[in-house]
Amino acid sequence: MFFHAHPDDEALLTAGTMAMLAAEGHRVVLVVATAGERGLAEMEPGDALGETRLKELYTSAALLGCARVECLGYGDSGLSPKGGSADERPDNAFIDADTEEAAKALAAILQEEEADLLAIYDPAGGYGHPDHVQVHRVGRRASEIAQTPIVLEATVNRDPLVRLLRLASRFYRFPPEFDVRTFESAYSASETITHRVNVRKYAKQKRASMAAHASQASGGDSDRTLAVMLKVPRPLYRLVFGTEWYVRRDLPPGARLTHPFDPWPP
Ligand SMILES: [Zn+2]
(Lines give C-alpha, C1' and ligand atoms only; values in the text may rest on other atoms or scores of the structure.)
Protein backbone atom coordinates (compact mmCIF):
# COMPACT_ATOMS: atom_id res chain seq x y z
CA MET A 1 0.00 0.00 0.00
CA PHE A 2 1.24 3.44 -0.96
CA PHE A 3 -0.04 6.34 1.11
CA HIS A 4 0.23 9.81 -0.41
CA ALA A 5 -0.99 13.29 0.50
CA HIS A 6 -2.36 14.47 -2.85
CA PRO A 7 -3.06 13.11 -6.32
CA ASP A 8 0.22 13.42 -8.33
CA ASP A 9 2.55 12.71 -5.37
CA GLU A 10 2.48 9.04 -6.35
CA ALA A 11 3.66 9.96 -9.85
CA LEU A 12 6.66 11.92 -8.63
CA LEU A 13 7.88 9.68 -5.83
CA THR A 14 6.78 6.06 -6.10
CA ALA A 15 5.23 5.44 -9.54
CA GLY A 16 8.09 3.27 -10.79
CA THR A 17 8.07 1.07 -7.69
CA MET A 18 4.30 0.69 -7.89
CA ALA A 19 4.45 -0.30 -11.57
CA MET A 20 7.27 -2.74 -10.81
CA LEU A 21 5.44 -4.42 -7.93
CA ALA A 22 2.23 -4.66 -9.96
CA ALA A 23 4.17 -6.22 -12.86
CA GLU A 24 5.62 -8.74 -10.40
CA GLY A 25 2.11 -9.79 -9.45
CA HIS A 26 1.68 -7.90 -6.18
CA ARG A 27 -1.64 -6.31 -5.34
CA VAL A 28 -0.83 -2.60 -5.25
CA VAL A 29 -3.19 -0.25 -3.41
CA LEU A 30 -2.98 3.54 -3.57
CA VAL A 31 -4.43 5.71 -0.79
CA VAL A 32 -4.45 9.50 -0.81
CA ALA A 33 -5.35 11.64 2.18
CA THR A 34 -6.89 14.47 0.16
CA ALA A 35 -8.24 15.15 -3.32
CA GLY A 36 -5.75 18.00 -3.73
CA GLU A 37 -8.57 20.46 -4.26
CA ARG A 38 -6.48 23.44 -3.17
CA GLY A 39 -3.55 22.76 -5.49
CA LEU A 40 -2.31 25.31 -7.96
CA ALA A 41 -4.05 24.82 -11.31
CA GLU A 42 -5.76 26.73 -14.09
CA MET A 43 -9.02 25.75 -12.43
CA GLU A 44 -10.08 27.59 -9.28
CA PRO A 45 -9.39 25.71 -6.07
CA GLY A 46 -12.46 23.86 -4.84
CA ASP A 47 -14.58 20.74 -5.18
CA ALA A 48 -14.50 20.70 -9.00
CA LEU A 49 -10.71 20.75 -8.94
CA GLY A 50 -10.76 17.94 -6.37
CA GLU A 51 -12.99 15.87 -8.66
CA THR A 52 -10.73 16.51 -11.64
CA ARG A 53 -7.66 15.55 -9.63
CA LEU A 54 -9.25 12.33 -8.36
CA LYS A 55 -10.09 11.40 -11.97
CA GLU A 56 -6.47 12.04 -12.87
CA LEU A 57 -5.46 9.87 -9.94
CA TYR A 58 -7.61 6.97 -11.17
CA THR A 59 -6.04 7.27 -14.62
CA SER A 60 -2.55 7.33 -13.14
CA ALA A 61 -3.32 4.37 -10.87
CA ALA A 62 -4.68 2.34 -13.79
CA LEU A 63 -1.52 3.05 -15.80
CA LEU A 64 0.59 1.82 -12.89
CA GLY A 65 -1.45 -1.35 -12.42
CA CYS A 66 -3.06 -0.47 -9.07
CA ALA A 67 -5.81 -2.81 -7.91
CA ARG A 68 -7.54 -0.29 -5.66
CA VAL A 69 -7.56 3.47 -5.05
CA GLU A 70 -8.95 5.14 -1.94
CA CYS A 71 -9.17 8.75 -0.80
CA LEU A 72 -9.47 9.33 2.96
CA GLY A 73 -11.44 12.49 2.17
CA TYR A 74 -9.52 15.04 4.22
CA GLY A 75 -9.25 18.64 3.06
CA ASP A 76 -6.16 19.70 1.16
CA SER A 77 -4.33 22.09 3.49
CA GLY A 78 -3.13 24.18 0.57
CA LEU A 79 0.20 25.31 -0.77
CA SER A 80 1.47 27.86 1.76
CA PRO A 81 4.37 26.64 3.87
CA LYS A 82 2.43 26.11 7.10
CA GLY A 83 -0.91 25.46 5.42
CA GLY A 84 -1.90 29.10 5.93
CA SER A 85 -3.68 30.35 9.03
CA ALA A 86 -6.24 28.02 10.57
CA ASP A 87 -9.22 30.05 9.32
CA GLU A 88 -7.91 29.92 5.73
CA ARG A 89 -7.97 26.16 5.78
CA PRO A 90 -10.99 23.95 5.10
CA ASP A 91 -12.73 22.57 8.22
CA ASN A 92 -11.42 19.08 7.70
CA ALA A 93 -7.88 20.03 6.60
CA PHE A 94 -5.58 17.03 6.79
CA ILE A 95 -3.04 18.87 8.95
CA ASP A 96 -5.75 19.61 11.53
CA ALA A 97 -6.92 16.00 11.55
CA ASP A 98 -6.64 13.97 14.72
CA THR A 99 -3.64 11.72 14.04
CA GLU A 100 -5.17 8.76 15.84
CA GLU A 101 -8.46 9.03 13.99
CA ALA A 102 -6.80 9.35 10.57
CA ALA A 103 -4.42 6.51 11.44
CA LYS A 104 -7.36 4.27 12.31
CA ALA A 105 -8.97 4.98 8.94
CA LEU A 106 -5.76 4.08 7.14
CA ALA A 107 -5.13 1.06 9.40
CA ALA A 108 -8.59 -0.29 8.53
CA ILE A 109 -7.56 -0.45 4.86
CA LEU A 110 -4.18 -1.94 5.75
CA GLN A 111 -5.92 -4.65 7.77
CA GLU A 112 -8.55 -5.31 5.14
CA GLU A 113 -5.81 -5.74 2.55
CA GLU A 114 -3.50 -7.62 4.94
CA ALA A 115 -0.84 -5.33 3.54
CA ASP A 116 2.75 -6.56 3.72
CA LEU A 117 4.18 -3.12 3.13
CA LEU A 118 3.23 0.49 3.65
CA ALA A 119 5.04 3.32 1.87
CA ILE A 120 4.80 6.76 3.49
CA TYR A 121 7.12 9.83 3.55
CA ASP A 122 10.16 10.72 5.63
CA PRO A 123 9.53 12.74 8.83
CA ALA A 124 10.26 16.04 7.03
CA GLY A 125 7.59 15.22 4.46
CA GLY A 126 10.23 15.49 1.74
CA TYR A 127 10.22 19.20 1.02
CA GLY A 128 8.16 20.04 4.09
CA HIS A 129 4.59 20.42 2.83
CA PRO A 130 2.47 20.16 6.00
CA ASP A 131 0.16 17.52 4.46
CA HIS A 132 3.24 15.44 3.65
CA VAL A 133 4.54 15.69 7.21
CA GLN A 134 1.10 14.52 8.32
CA VAL A 135 1.33 11.54 5.94
CA HIS A 136 4.43 10.49 7.84
CA ARG A 137 2.78 10.81 11.27
CA VAL A 138 -0.50 9.18 10.28
CA GLY A 139 1.23 6.46 8.25
CA ARG A 140 3.61 5.57 11.09
CA ARG A 141 0.77 5.26 13.58
CA ALA A 142 -1.41 3.28 11.14
CA SER A 143 1.40 0.79 10.59
CA GLU A 144 1.62 0.28 14.37
CA ILE A 145 -2.13 -0.30 14.68
CA ALA A 146 -2.21 -2.70 11.72
CA GLN A 147 1.21 -4.18 12.57
CA THR A 148 2.34 -3.80 8.99
CA PRO A 149 5.66 -5.68 8.69
CA ILE A 150 7.50 -3.29 6.37
CA VAL A 151 7.29 0.50 6.42
CA LEU A 152 9.21 2.39 3.76
CA GLU A 153 9.62 6.15 3.72
CA ALA A 154 9.64 7.35 0.14
CA THR A 155 12.26 10.04 -0.31
CA VAL A 156 14.72 11.46 -2.80
CA ASN A 157 18.49 11.16 -2.65
CA ARG A 158 19.15 14.87 -2.37
CA ASP A 159 22.89 14.74 -3.04
CA PRO A 160 22.77 13.99 -6.79
CA LEU A 161 19.58 16.04 -7.07
CA VAL A 162 21.23 19.18 -5.70
CA ARG A 163 24.24 18.62 -7.97
CA LEU A 164 21.97 18.21 -10.97
CA LEU A 165 19.83 21.24 -10.11
CA ARG A 166 22.91 23.45 -9.60
CA LEU A 167 24.20 22.35 -12.97
CA ALA A 168 20.81 22.82 -14.63
CA SER A 169 20.40 26.30 -13.13
CA ARG A 170 23.38 27.42 -15.23
CA PHE A 171 21.50 26.98 -18.48
CA TYR A 172 17.87 26.71 -17.44
CA ARG A 173 15.86 29.40 -15.66
CA PHE A 174 13.75 27.60 -13.09
CA PRO A 175 10.32 29.01 -12.22
CA PRO A 176 10.36 31.36 -9.21
CA GLU A 177 8.71 28.83 -6.84
CA PHE A 178 11.42 26.33 -7.70
CA ASP A 179 14.21 27.30 -5.31
CA VAL A 180 17.22 25.03 -5.67
CA ARG A 181 18.41 25.92 -2.16
CA THR A 182 15.33 24.37 -0.54
CA PHE A 183 16.51 21.01 -1.83
CA GLU A 184 19.75 21.25 0.14
CA SER A 185 17.90 20.39 3.34
CA ALA A 186 14.94 18.55 1.83
CA TYR A 187 14.42 14.81 1.49
CA SER A 188 17.31 12.57 2.58
CA ALA A 189 21.08 12.53 2.45
CA SER A 190 22.57 9.66 0.49
CA GLU A 191 24.00 7.82 3.52
CA THR A 192 20.60 7.53 5.23
CA ILE A 193 18.89 5.81 2.30
CA THR A 194 18.36 2.05 2.65
CA HIS A 195 16.63 1.22 -0.65
CA ARG A 196 17.57 2.26 -4.16
CA VAL A 197 15.04 0.80 -6.53
CA ASN A 198 15.94 0.74 -10.20
CA VAL A 199 12.73 1.58 -12.05
CA ARG A 200 14.16 2.43 -15.47
CA LYS A 201 12.16 -0.41 -16.97
CA TYR A 202 9.02 1.38 -15.81
CA ALA A 203 10.03 4.89 -16.93
CA LYS A 204 7.31 4.86 -19.58
CA GLN A 205 4.57 4.17 -17.02
CA LYS A 206 6.04 6.72 -14.63
CA ARG A 207 6.04 9.38 -17.31
CA ALA A 208 2.49 8.45 -18.31
CA SER A 209 1.45 8.66 -14.66
CA MET A 210 2.91 12.17 -14.43
CA ALA A 211 1.21 13.15 -17.67
CA ALA A 212 -2.13 11.87 -16.33
CA HIS A 213 -2.07 14.72 -13.80
CA ALA A 214 -2.70 17.30 -16.52
CA SER A 215 -4.24 19.86 -14.12
CA GLN A 216 -0.96 20.00 -12.22
CA ALA A 217 1.12 20.74 -15.30
CA SER A 218 -0.89 23.93 -15.80
CA GLY A 219 -1.77 27.01 -13.80
CA GLY A 220 0.49 29.32 -11.85
CA ASP A 221 2.52 32.14 -13.35
CA SER A 222 5.14 30.03 -15.01
CA ASP A 223 6.22 26.49 -15.65
CA ARG A 224 5.07 24.12 -12.97
CA THR A 225 7.41 21.57 -11.43
CA LEU A 226 5.51 18.71 -13.07
CA ALA A 227 5.56 20.47 -16.44
CA VAL A 228 9.30 21.04 -16.08
CA MET A 229 9.80 17.35 -15.36
CA LEU A 230 7.70 16.28 -18.34
CA LYS A 231 9.94 18.41 -20.58
CA VAL A 232 12.96 16.31 -19.70
CA PRO A 233 13.91 14.53 -22.95
CA ARG A 234 13.04 10.84 -22.93
CA PRO A 235 16.54 9.29 -22.74
CA LEU A 236 17.48 11.70 -19.94
CA TYR A 237 14.17 11.01 -18.19
CA ARG A 238 15.14 7.36 -17.76
CA LEU A 239 18.33 8.52 -16.10
CA VAL A 240 16.80 11.20 -13.88
CA PHE A 241 13.68 9.32 -12.84
CA GLY A 242 15.15 5.83 -13.13
CA THR A 243 15.70 5.37 -9.38
CA GLU A 244 13.31 5.64 -6.46
CA TRP A 245 14.61 5.92 -2.91
CA TYR A 246 13.31 4.72 0.43
CA VAL A 247 14.37 4.70 4.05
CA ARG A 248 13.42 1.77 6.23
CA ARG A 249 13.99 2.93 9.80
CA ASP A 250 14.39 -0.54 11.31
CA LEU A 251 17.44 -1.21 9.12
CA PRO A 252 20.92 0.25 9.57
CA PRO A 253 21.33 3.43 7.49
CA GLY A 254 24.12 1.82 5.49
CA ALA A 255 21.87 -0.92 4.11
CA ARG A 256 21.92 -0.90 0.34
CA LEU A 257 18.89 -2.86 -0.76
CA THR A 258 17.40 -2.73 -4.22
CA HIS A 259 13.88 -4.12 -3.80
CA PRO A 260 11.15 -3.21 -1.27
CA PHE A 261 10.81 -6.85 -0.24
CA ASP A 262 14.53 -7.61 0.01
CA PRO A 263 15.16 -9.53 3.23
CA TRP A 264 17.43 -8.16 5.95
CA PRO A 265 20.15 -9.19 6.60
CA PRO A 266 20.64 -9.78 2.85
ZN1 LIG B 1 1.56 16.57 -2.25
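The values are calculated or read from the model by the stated rules, or taken from the named source; none is laboratory data. Keep in mind the model is a prediction, meaning the values are calculated, not measured. Positions of Cβ are backbone-derived with ideal geometry, glycine not excepted, and every protein chain shown enters the neighbour counts. Calculation scope for accessible area: heavy atoms of the full protein, side chains included, ligands and nucleic acids excluded. Shrake-Rupley method; radii C 1.70, N 1.55, O 1.52, S 1.80 Å.
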Open item on the list: Please count how many residues of the stretch 89-108 are assigned to a loop (DSSP other than H, G, I, E, B) and among the polar types (S, T, N, Q).
Closed with: 1
TODO: Within the stretch 99-115, identify whether any single residue is within 16 Å of the ligand (Cβ to nearest atom), open to solvent by 20 Å² or more (accessible area, probe 1.4 Å) and touching a helix residue (DSSP H, G or I) at 6+ places or on another chain (Cβ under 7 Å), and answer yes or no.
DONE: no
Open item on the list: Given (1) out of contact with any Lys or Arg (no Cβ under 7 Å at 6 or more places or on another chain); (2) away from the ligand (no atom under 15 Å from the Cβ); (3) among the aliphatic types (A, V, I, L, M); (4) modelled with pLDDT under 95, identify the lone condition not met by ALA146.
Closed with: (4)
Task: Residue identified as touching a residue at least 60 places away in the same chain (Cβ under 8 Å), open to solvent by less than 60 Å² (accessible area, probe 1.4 Å) and assigned to a helix (DSSP H, G or I) among ALA154, ALA142 - done: ALA142
TODO: List the number of the failed condition for LEU57; all other conditions in (1) part of a loop (DSSP other than H, G, I, E, B); (2) at pLDDT 95 or above; (3) within 13 Å of the ligand (Cβ to nearest atom) hold.
DONE: (1)
Task: For PRO160: the one exception among (1) exposed (fewer than 13 other Cβ atoms within 10 Å of the Cβ); (2) assigned to a helix (DSSP H, G or I); (3) in contact with a Ser or Thr (Cβ under 7 Å, 6 or more places away or on another chain) - done: (3)
Task: Residue among PRO90, PRO130, PRO123 that is within 16 Å of the ligand (Cβ to nearest atom), touching a His at 6+ places or on another chain (Cβ under 8 Å) and either among the basic types (Lys, Arg) or farther than 22 Å from MET210 by Cβ (or both) - done: PRO123
Open item on the list: For the stretch 3-47, give me each residue that is outside any loop (DSSP other than H, G, I, E, B), of a type in the set (D, E, K, R) and within 11 Å of the ligand (Cβ to nearest atom).
Closed with: ASP9, GLU10
- [ ] Select from the stretch 9-54 the residues that are hydroxyl-bearing (Ser, Thr, Tyr) and either in contact with a helix residue (DSSP H, G or I) (Cβ under 7 Å, 6 or more places away or on another chain) or open to solvent by 10 Å² or more (accessible area, probe 1.4 Å) (or both) and list them in ascending order.
- [x] THR34, THR52
Task: Selection count where residues are open to solvent by 40 Å² or more (accessible area, probe 1.4 Å) and either of a type outside the set (Phe, Trp, Tyr) or in a strand (DSSP E or B) (or both), scope the stretch 116-134 - done: 3
